[in-house]
Amino acid sequence: MNILIIGGTNFIGRHLVNTLVKGGHETTILHRKAAHDFGKKVTNLQGDRNDVNSLRPLLCGKSYDAVFDLAYDWERGTPAHAVQSLAHLLTGNCGRYVFMSSVAAYGDGLNHHEGDALADDDHADRYTREKAQSERALFRLHQRHGTPVVTIRPPFVFGPGNPYYREQFFWDRLRDKRPIILPGDGRRLMQFVYVKDLVAALIASMSTANTVGHAFNVANSRALTQAEVVELMARVAGKTAEVVRVPRERILRSGGHPMGPNLYFGQYFDLPPITTLVAKAQRVLRFKPLPFAEGLAETYKWYLRHHKRAPIDYSFEDLLLTRASAQLAS
């Protein structure tokens with residue numbers, strides 16, 4: 001197949017590109033850089049996906065069996081009109097238009113199925129708002145113009161090459177024999193998908209019948225508590241985690257933030273839970289995810305071989321731990 005990937009040079013995209021190339025697909029990536037490091041088998045198109053007018057000469061006269069839209073601009077955002085304009089430009093020239101959305105598009109809540117309402121247009125979080133708006137815009141294109149849209153909604157994605165300081169956060173601390181701070185009671189739910197399982201679902205969505213016009217939740221079926229996540233992080237590393245529970249209100253009052261710089265539980269890992277049901281992906285895409293512990297073990301092997309550790313400033317965590325000890329003593 002002839003495949004176009006919008007983005008493709010980051011975490012999920014790299015796994016997707018490498019899998020497609022190994023599968024013998026003719027692969028092109030469209031991104032903002034003048035070159036990539038995938039080798040000569042991958043065609044490079046340089047352009048800004050947020051500026052559809054600049055993309056017209058790049059894409060004019062070309063057709064693709066599938067387009068994977070993975071790119072999101074974390075600095076400027078990727079508004080729905082940019083997603084819609086690009087999909088409209090490719091309408092009639094692609095067999096599938098697969099959009100990488102997120103469970104964040106639901107806004108909040110547990111056990112969502114694909115028919116649930118997405119977040120409102122005035123949602124406070126830009127990422128949530130833009131993913132929900134983009135999905136609505138794409139499905140309108142499908143209804144009005146026949147754009148062959150498929151949307152994929154993953155939760156936390158983990159695996160080898162993760163650029164976010166998430167799995168590595170815990171393993172660095174375990175190897176340094178540091179306590180792990182657990183926010184609140186540790187019962188907040190988290191749902192995951194292994195990056196290679198997500199890529200398999202993306203590829204299935206481009207060729208499986210009866211996927212056009214549909215959204216798919218793609219995740220491990222069972223959500224985990226934060227306490228369970230820490231336990232599994234330690235188990236695959238062959239370590240025992242010393243856990244110190246600190247009230248979330250105290251963490252935030254002290255200056256902690258889930259994105260940092262005062263990080264305390266993995267980058268963006270301490271968020272209000274959003275979980276989904278995945279029966280539709282299992283039924284239609286034949287989605288069979290690797291058990292979380294097995295995917296985590298593969299990720300730990302990558303960590304040992306490739307993770308480049310920078311000096312870690314533990315001063316904020318030490319502050320929280322000191323205050324926790326003082327609270328217990330009193």
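The values are calculated or read from the model by the stated rules, or taken from the named source; none is laboratory data. Treat the numbers as computed from the prediction; the structure is a model and nothing was measured. Glycine also receives a Cβ, built like all others from the backbone with ideal geometry; neighbour counts cover every protein chain displayed.
Values computed for the structure shown
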{"item": "Of the criteria (1) within 27 Å of residue 316 (Cα to Cα); (2) charged (D, E, K, R); (3) under 19 Å from the mean Cα position of the chain (by Cα), which one residue 135 fails", "result": "(1)"}
{"item": "Residue count for the range 119-163, restricted to those that are farther than 21 Å from residue 13 by Cα, in contact with a strand residue (DSSP E or B) (Cβ under 7 Å, 6 or more places away or on another chain) and charged (D, E, K, R)", "result": "0"}
{"item": "Which listed residue, of 220, 210, is modelled with pLDDT under 95 and either of a type outside the set (Ser, Thr, Tyr) or in a loop (DSSP other than H, G, I, E, B) (or both)", "result": "210"}
{"item": "Count of residues meeting criterion [of a type in the set (Ser, Thr, Tyr) and closer than 24 Å to residue 223 by Cα] in the range 134-159", "result": "1"}
{"item": "Some residue of the range 267-284 being closer than 24 Å to residue 318 by Cα and surrounded by fewer than 16 Cβ atoms within 10 Å (Cβ to Cβ)", "result": "yes"}
{"item": "Residue check for residue 299: among the polar types (S, T, N, Q) and without any contact (Cβ under 8 Å) to a residue 24 or more places away in the chain", "result": "no"}
{"item": "Count of the range 231-265 residues which are of a type in the set (Ser, Thr, Tyr) and out of contact with any helix residue (DSSP H, G or I) (no Cβ under 8 Å at 6 or more places or on another chain)", "result": "0"}
{"item": "Cross-chain or 6+ apart pairs with Cβ under 6 Å, the range 268-287 first and within 14 Å of residue 215 (Cβ to Cβ), then assigned to a helix (DSSP H, G or I)", "result": "276/103; 285/201; 285/204; 287/201; 287/281"}
{"item": "Selection from the range 23-50 of residues that are polar (S, T, N, Q) and more than 21 Å from residue 75 (Cα to Cα)", "result": "27, 28, 43, 44"}
{"item": "Residue count, the range 176-206 (criterion: out of contact with any strand residue (DSSP E or B) (no Cβ under 8 Å at 6 or more places or on another chain) and closer than 20 Å to residue 283 by Cα)", "result": "6"}
{"item": "Hey, residue 193 of a type in the set (A, V, I, L, M), part of a strand (DSSP E or B) and modelled with pLDDT of 95 or more or not", "result": "yes"}
{"item": "Unique residue being of a type in the set (A, V, I, L, M) and over 20 Å from residue 71 (Cα atoms) when the list is 90, 110", "result": "110"}
{"item": "Selected residue (only one of 299, 322 is exposed (fewer than 15 other Cβ atoms within 10 Å of the Cβ), hydroxyl-bearing (Ser, Thr, Tyr) and under 22 Å from residue 177 (Cα atoms))", "result": "322"}
{"item": "Among the residues listed as 43, 19, the single one being closer than 22 Å to residue 281 by Cβ and surrounded by fewer than 19 Cβ atoms within 10 Å (Cβ to Cβ)", "result": "19"}
{"item": "Hits in the range 18-51 - residues which are in contact with a strand residue (DSSP E or B) (Cβ under 6 Å, 6 or more places away or on another chain) and not in a loop (DSSP other than H, G, I, E, B)", "result": "20, 21, 26, 27, 28, 29, 30, 42, 43, 45"}
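Residue by residue, here is whether (1) under 24 Å from residue 131 (Cβ atoms); (2) among the small types (Gly, Ala, Ser) holds:
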position	(1), (2)
4	yes, no
8	yes, yes
13	yes, yes
31	yes, no
43	no, no
59	yes, no
82	yes, yes
